[in-house]
Each structure stands twice: as C-alpha cells, then as structure tokens.
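To start, the structure itself, in structure tokens.
The values are calculated or read from the model by the stated rules, or taken from the named source; none is laboratory data. Here the structure is a predicted model, which is why all the values come from computation and not from measurement. As a convention, Cβ positions derive from the backbone with ideal geometry for all residues, glycine included, and neighbour counts pool all protein chains shown.
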Amino acid sequence: MGQSKRDRVIAIAMLMPTVILLAIFVYGFIGWTGWTSLTNSNAMQRLSQQPAQYIGLDNYTNLFSGLLNNRFRIDLVNTVFFTLMFIFFSLAIGLLLAILIDQKIKGEGIFRTIFLFPMALSFVVTGVVWKWLFNPSSGINRLPELVGLPPGNFRWFISQDRWFEFNWQDFPVIVAWFVVALVAVIGAWLLLKRRTQIGAFILAGAILISTWILVGGAASLNIMDRPEKHGFNVALFALVLAAGWQMVGYTMAMYLAGLRGISEELREACRVDGATELGVYRHVVLPLLAPITLSAIIILGHISLKIFDLVYVMGGGDNLFIDMPGINMFFTTFRGQEFGQGAAIAMIMLIMVAVVIIPYLVSSLRGESKR
Amino acid sequence: MTSTSQSSTGRKIAPMNWERTLSRGLIYVVLLIFAAIFLLPVYMVLVTSFKSIDQVNISTMWTLPSAFTLESFKEAFSELAPGLSNSLVLVVPATVISAAMGSMNGYVLSKWKFPGANIIFPLMLFGMFIPYQAILIPLVEFLNNIGLFNSIAGLIMVHVVYGLPITTLIFRNYYTEVPDEMLEAGAIDGAGFFGLYRYIVLPISLPGFVVVIIWQFTQIWNEFLFAITVSQKTPMVTVALQNLSGSQIIEWNVQMAASFLAAIPTLIVYILLGRYFIRGLLAGSVKG
C-alpha cells in the first residue's frame, strides 16, 4: 500500500494505548504477582506498614509440603482428574452430536440451538441450577421414581467417596512415570513415522528416566516427611456433568465447522471406492478432524485449569471435595489475607495454563503466516 | 419399511431401504434423547419457579405446578434488580469501548504491517488466556490507589483492558479478509490513515462489530471473578445471584426464578443472533 511515513507513525501510535495497557495490566501485573509470591506479604505485614520481606520459594514449598495446609495438594489432584474427565466428556459427546447433526437431518437448526444455548449462560447460573438438580434428597436422584424405580442415592457434589487413593509422598515418582509414559509415546510415534533416529534417541531417554526412577532418583525429590492420602474425589463427577453440559456445545460447534469443511465429493469418492459409512468416518473424516480435536483440548484444558465460578457457586469454598486452585487462591488472598501464599497459587496456575497455551499460540500463528 | 415384497428386485433393494430407515430413525432417537437431557435443567427451572413456596417439596420436584404463580418471579426480581441495573451500567460502556478499540487495533494490525507486529500480536493474545488470579492482587491494589476500587467505573476499565485481546483478534481476522486493493484505491484518492478507516474500513465493519459486541456483552454479563473481587459493594447480576443462592433463607423457587432472570438477556441475544454468537465462539480458538 502506498503508505506515507506520517500515516505509518499514526498507525503505530493508535496501537500504542492497547500495547501499553496490556503491557502494564498483563505483564507488569504478572511480574508484580510473581514478586509477591516470593514475599511474606499478608495482613499482619500490611498492618505493620513494613515492606514485605523476601522469603524465597517458601510459599511454594509450603503449598507442596506444608504441614497444616493440604488444601492446595487436594486442589492439584482435583484439577488433574477434573481436567481429564471434562475434556474426554466434552470431546466424546461433542463429536457424537456433531456427526449426528451432520447427517442432513430435519430440524438441524433447532438441535444446534438446544445443544449450544448453555454456552450463552453464566457459569453462575449453571451452578445455581445444577446445585438444585444435584441435591441428593431431591433433584435428579428423584427422576427414576417417575418410571417406578427406586430413587438414586448418589450424593453428587457432596459425596465424600474417594477412589484411586495414593500417598502424596509418592507424587514425584508418579509424575516421573507419567513423564516416562509421555516421552515413550512420543518416541514410539516418531518410530512409526519412520523417523527412526530421533525416535530411538527419545526412547533411550525414556529408558534413562525409568532407571533413574527405579534407583530412587524421583523418590528422593519428596520433601514431605509424613504420609498424606489423596485420590480421585467422586464428587467431581457432578462438576464434570455441569461443566460438560455447558461446554459440550462448544466442541460440537467446532467439530461441526470442521465437518462442513470436508467436501461431500471426498466422502463420495471413498464410498465409490467401496468404503462403508463407518469406514469413511474412521479413515477420512476423523483424521481430518484431528487438528480440531487438538484445538478443542487446549481451549477446554485451559478453561478447566482456571475454573472458578462454577465451583464457587456449588462449593462456596467450603467443599474441599470439589475445590480447585482458583478458588483456593481467592479465599487465601481475599479472605485469609495471605497475599504471598495466594500469589504463589496464582503463579502455579499461570504456569499450568502457559504450558498449554504458549505452544498453541506460537504454532497457530506460525501456521497462519505460512498460509 | 415395506420389505415384504416377494419379487427378486424388491428383495435386493428393500433391505437397504429398511436399514437406511432404521439408521435414520436411530439418529433422531439419539438426538432427541440428548436434547431432552440438555433441556432437563430448563424444565426444572421453569417448573420450580412457577410454583409457590408451599408447592416446592421433594416428592413433587418434577411434576408441573398445580397452580401457576408469579410470586417467585416478583420476589426474585426485587432481590436481583440492583444487580441487573448495575450489570447494565457496566456492560454497555465496557462493550462499546472495547469494541471500538478492538476495531482500531485490528485495522492497524491487519493493514499497516510494521516490524515487530509478529511479536506484539501473540503477546497481546496471551492476555486473554491467562488465569486472572495471576493479576488480581496487583489489580486490587492499583484500583485502590486510583480510587476506583469497589466502583462500576473501575470494573468497566478492567473489562475494557482484558477484553482488548479478543476484540483485537476478531477484528484483525475480519479485516484480513478485506482485500488490500480496496484500501489502495482509497490511498490513491489521497485518503490517509483515518480517511481509509472512516470511508473504507468502517462502512464494511458491521458484521465484525455485531460479533464482537455480542461476544463482549455475553462475556461481561456472565463474568464473576472480577465482579466479586473488584466490585462487591455494587454487586453485578452474577454476584447478586450467587449471594441469593448462598443464603439459607431464600427458597428454591425464588432461586430458580432468579437464575432465569439473570440468564434472560444473554439468552435473548443468543436466540436472536446465534449465528454471530457462534462466530465469536469459534474466533476464541485463534485460528477462526
């Protein structure tokens, strides 16, 4: 474009307010939070009007091994289980609905509207409504009675059952094995793709980490001196159902957009080649939807890592069986006035989200500039 | 379905038709079951909120009210009214300002390439993914210092700033589709930066604005974390609803009626302009 120098300067100047605002409110504030997480800032310190003291990583070690406060550990375990179940649930049902709706059915618009309307609601509304539905003595537990069955007795979000219990002292070992599994899968995948050299190299790395775990390397990272039980809190099912109800429409919309992008000629060509309808989906459609699945996993994953409103409304910060880091941060900071501790929780949340989001942002913008 | 035909040709075709009808039927059955599940909470909300207090009991949870009454809506509205009006005062300026700034940013980023834009843009986008807990402590301190803590003005500012990444993204993607030639023609006619924006870009921006305004309106109306941290004294609708549901003395029929009231504005927007809502939704996944 025939842009004059003056206009280019104006263009950059017009962008500046946003750049400066975000530089301060996002990056400046993150830095500020990061610093706070390294100090003993709390109500006492603020009252005494003394500057907060630098205490290194004490707030973080306290979160992972503190004697009195096991809440953050509970949150972390809850987040992992919730995230996995929530993503699986949303992807599976979203894909199923998208495929069904894509079958040139009558009333497509109505079905789409029904499956997507929860997305327009606030998590607060969802929380209030589902709290009523999950009420163990009324709500969906009463539904079977309508067809003459005995009422259900699952306690939903106030259930205190716990599955897959493990000792927090084994946490480093469990994480290490998880890393091994991940690395091994990547290595095997590369081998399958015939990138033998790098695949073998990565697999060797997996074996190396395994030996390190087996000789006790990972176990020695444990800094907790007493056993502490954690596990999958069954109450999370309720949370998955409510959050899934709200977000399934989103994955459905993404998949539907993807399905509409696959030309009918391509599918027809496969059918002519003798593929069954199921075969067309297995070998043509699903592989083409893989990038959408990845995007959906990342978007859903970062939502579930940050989840706050829904849990706040359903648990109110008292129900540790569905507690999450976001809630813990809020109550630690603004009710408990433990600013340093709260900032540390926030930073861990930020790191978890950044690990998921940054590679995604970089790769999708890079892909765009190539296009 | 009529597979009773005895002729050989009939037999050949009939099973296929029959199979097809069966699978079509199955598709509808599954879809209808899911639709019923999705609408279950809506049914519960409506049934409960049209009941009077003495009708709300465990054994008749799922049955229709024996007498329809608007009592609970009246009570819910009087409880929720301040929240509804606060949210309205918040959402209009916050949406308009963030949309206007987003449009300008999108114009610059898509049509005025400058060195470093490839670095600045992702850095801006990162701001819409962060857990806001990571900026909450400094934010409260900052708002306190400039005297905007616990005020709607403060919350407007917060929503404008943290809404900028998504509005910028949507407009940038929208303007990228506008052919550069259109602007070049304008530039030849002597239009400068603002002239091009005013006479070429802005007139074709309506769909972009619709998507962005709907998106921001829904997000800000539904938002809870900032509302409860920054503006507890002037509660927004979500905070008012949570307070109402957290209190032990408010009956379930009122709670359900209040949830319904709080959801109405965004639901109306969604039902009337769902197409644009979905576009905003998909834009959130960056590639669009």
Could you check region A:236-284 and list, in sequence order, the residues that are over 23 Å from B:Phe34 (Cα atoms) and among the aliphatic types (A, V, I, L, M)?
A:Ile262, A:Leu266, A:Ala269, A:Val272, A:Ala275, A:Val280, A:Val284
Leading residue by the ranking (nearest to the chain's Cα centre (by Cα)) among those in region B:26-48 that are facing another protein chain (nearest Cβ under 9 Å) and aromatic (Phe, Trp, Tyr)
B:Phe38
If you take the residues of region B:168-220 that are of a type in the set (Gly, Ala, Ser) and either part of a helix (DSSP H, G or I) or touching a residue at least 60 places away in the same chain (Cβ under 8 Å) (or both), which of them is surrounded by the most Cβ atoms within 10 Å (Cβ to Cβ)?
B:Gly208
Candidates A:Gly261, A:Gly279, A:Gly317 - the one that is at positive phi, in the same structural domain as A:Val77 (by TED's automatic domain parsing) and free of Cβ contacts under 8 Å to residues at least 40 places away in the same chain
A:Gly317
Candidate set: region A:313-329, residues that are at the interface with chain B (Cβ under 7 Å from one of its Cβ atoms) and farther than 14 Å from A:Ile74 by Cβ; chosen: the one modelled with the highest pLDDT:
A:Val313
When region A:1-39 is checked residue by residue, the ones that are under 23 Å from B:Leu139 (Cβ atoms) and surrounded by fewer than 17 Cβ atoms within 10 Å (Cβ to Cβ) are A:Met16, A:Pro17, A:Val19, A:Ile20, A:Ala23, A:Ile24, A:Tyr27, A:Gly28, A:Gly31, A:Gly34, A:Trp35
Region A:357-371: number of residues that are surrounded by fewer than 18 Cβ atoms within 10 Å (Cβ to Cβ) and either at pLDDT below 90 or in the same structural domain as A:Lys306 (by TED's automatic domain parsing) (or both):
10
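If you check A:Gly216, A:Gly199, which single one turns out to be in a helix (DSSP H, G or I), away from chain B (no Cβ under 14 Å) and at pLDDT below 90? Show your work before the answer.
Details: A:Gly216 fails: in a helix (DSSP H, G or I).
Checking each option against the conditions leaves just A:Gly199.
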Looking at A:Gly205, is it part of a helix (DSSP H, G or I), farther than 26 Å from B:Asn253 by Cβ and within 14 Å of chain B (Cβ to nearest Cβ)?
no
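Here are some residues: A:Phe88, A:Phe82, A:Phe111. Which one is crowded, with 21+ Cβ neighbours inside 10 Å, free of Cβ contacts under 8 Å to residues at least 60 places away in the same chain and over 30 Å from B:Phe114 (Cα atoms)?
Numbers: A:Phe88 fails: crowded, with 21+ Cβ neighbours inside 10 Å; A:Phe82 fails: free of Cβ contacts under 8 Å to residues at least 60 places away in the same chain.
On inspection, the qualifying residue turns out to be A:Phe111.
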Could you check, for region B:51-74, whether at least one of its residues is more than 14 Å from chain A (Cβ to nearest Cβ), among the basic types (Lys, Arg) and more than 29 Å from A:Met324 (Cβ to Cβ)?
yes
Restricting region B:270-283 to residues that are surrounded by 18 or more Cβ atoms within 10 Å (Cβ to Cβ) and more than 7 Å from chain A (Cβ to nearest Cβ), the one modelled with the highest pLDDT turns out to be B:Tyr276
At least 3 residues that are hydrophobic (A, V, I, L, M, F, W, C) in each: list the helices (runs of 4 or more DSSP H) lying fully within region A:18-129 that qualify.
A:29-36, A:43-47, A:71-101, A:108-116
Candidates B:Pro122, B:Pro115, B:Pro138, filtered to the one that is in the same structural domain as B:Phe194 (by TED's automatic domain parsing) and assigned to a loop (DSSP other than H, G, I, E, B)
B:Pro115
Which listed residue is at pLDDT 95 or above, surrounded by fewer than 23 Cβ atoms within 10 Å (Cβ to Cβ) and either more than 8 Å from chain A (Cβ to nearest Cβ) or not in a helix (DSSP H, G or I) (or both), from B:Met101, B:Met128, B:Met157:
B:Met157
Any residue that is closer than 21 Å to A:Thr61 by Cα and either at the interface with another protein chain (Cβ under 7 Å from one of its Cβ atoms) or of a type outside the set (A, V, I, L, M, F, W, C) (or both) - is there at least one of those in region A:354-371?
no
Answer yes or no as to whether B:Met182 is within 11 Å of chain A (Cβ to nearest Cβ) and under 26 Å from B:Leu225 (Cα atoms).
no
Among the residues of region A:132-143, is any in a helix (DSSP H, G or I), more than 7 Å from chain B (Cβ to nearest Cβ), in contact (Cβ under 8 Å) with a residue 60 or more places away in the chain and under 29 Å from B:Thr238 (Cβ atoms)?
no
Of these, B:Lys74, B:Lys51, which one is basic (Lys, Arg), under 21 Å from B:Ile264 (Cα atoms) and surrounded by fewer than 20 Cβ atoms within 10 Å (Cβ to Cβ)?
B:Lys74
Considering only region B:76-115, state which residues are farther than 17 Å from B:Pro207 by Cβ, of a type in the set (Phe, Trp, Tyr) and touching a residue at least 60 places away in the same chain (Cβ under 8 Å).
B:Phe77, B:Trp112
Taking the stated definitions as given, is A:Ala176 modelled with pLDDT under 85, of a type in the set (Gly, Ala, Ser) and surrounded by 16 or more Cβ atoms within 10 Å (Cβ to Cβ)?
no
Can you confirm whether A:Gln337 is surrounded by fewer than 18 Cβ atoms within 10 Å (Cβ to Cβ) and touching a residue at least 60 places away in the same chain (Cβ under 8 Å)?
yes
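Of all residues in region A:157-173 being touching a Lys or Arg at 6+ places or on another chain (Cβ under 9 Å) and not acidic (Asp, Glu), which is surrounded by the most Cβ atoms within 10 Å (Cβ to Cβ)? Spell out the reasoning first.
Let us first name the residues in region A:157-173 that are touching a Lys or Arg at 6+ places or on another chain (Cβ under 9 Å), namely A:157, A:161-162, A:165-169, A:171.
From the residues that got through so far, the ones that are not acidic (Asp, Glu) too are A:157, A:162, A:166-169, A:171.
Working: A:Phe157: 25, A:Arg162: 15, A:Phe166: 15, A:Asn167: 16, A:Trp168: 21, A:Gln169: 16, A:Phe171: 22.
Out of the qualifying residues, it is A:Phe157.
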How many residues are of a type outside the set (A, V, I, L, M, F, W, C), in contact with a Ser or Thr (Cβ under 9 Å, 6 or more places away or on another chain) and within 19 Å of A:Gly127 (Cβ to Cβ) when one looks only at region B:36-68?
3
Going through region A:186-220 one residue at a time, which ones are farther than 25 Å from A:Gly231 by Cα and loosely packed, with under 13 Cβ neighbours inside 10 Å?
A:Trp189, A:Leu192, A:Lys193, A:Arg194, A:Thr196, A:Gln197, A:Phe201, A:Ala204, A:Leu208, A:Thr211, A:Val215
Tell me whether region A:44-67 contains one or more residues that are within 12 Å of chain B (Cβ to nearest Cβ), over 25 Å from A:Ala243 (Cβ atoms) and modelled with pLDDT under 95.
yes
Unique match (being among the β-branched types (Val, Ile, Thr) and either more than 7 Å from chain B (Cβ to nearest Cβ) or closer than 23 Å to B:Gly280 by Cα (or both)) among A:Ile114, A:Ile105:
A:Ile114
For A:Gly340, indicate whether it is at the interface with chain B (Cβ under 9 Å from one of its Cβ atoms) and at pLDDT 90 or above.
no
